[in-house]
Amino acid sequence: MQQRTRKLIGTVMLMIFVPVYALVVMTVAAVRLQDSSTLVQTVFFAITGLAWIVPAGAVIWWMQRPAGGGSGDRR
């Protein structure tokens, strides 16, 4: 697959993933953390606020791979 195509697919994936992830996290927090302390809420939002970076980083890494997928060094 060409890098240009992967970038298009990856961009669309990220544009869908990030808002959906944020909505899911907010919904979980609203349902589960209503009566929790401020410390618990802060830790939850700190962890979930950084957790989206892992899948987004994997998508970006996939988008940046050179075309062809061969193991040889191309210049």
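A few points about this structure:
- Among the residues here, Val43 does not qualify as surrounded by 10 or more Cβ atoms within 10 Å (Cβ to Cβ) and within 13 Å of the chain's Cα centre (by Cα).
- Output for region 1-36, where each listed residue is part of a loop (DSSP other than H, G, I, E, B) and either in contact (Cβ under 8 Å) with a residue 24 or more places away in the chain or surrounded by 13 or more Cβ atoms within 10 Å (Cβ to Cβ) (or both): Met1, Gln2, Leu33, Ser36
- In region 29-75, residue modelled with the highest pLDDT [restricted to those that are of a type in the set (Lys, Arg) and more than 24 Å from Gly10 (Cα to Cα)]: Arg32
The values are calculated or read from the model by the stated rules, or taken from the named source; none is laboratory data. Remember, it's a predicted structure, so these values are computed and weren't measured experimentally. Every residue, glycine among them, receives a Cβ derived from its backbone with ideal geometry; neighbour counts consider all protein chains shown.
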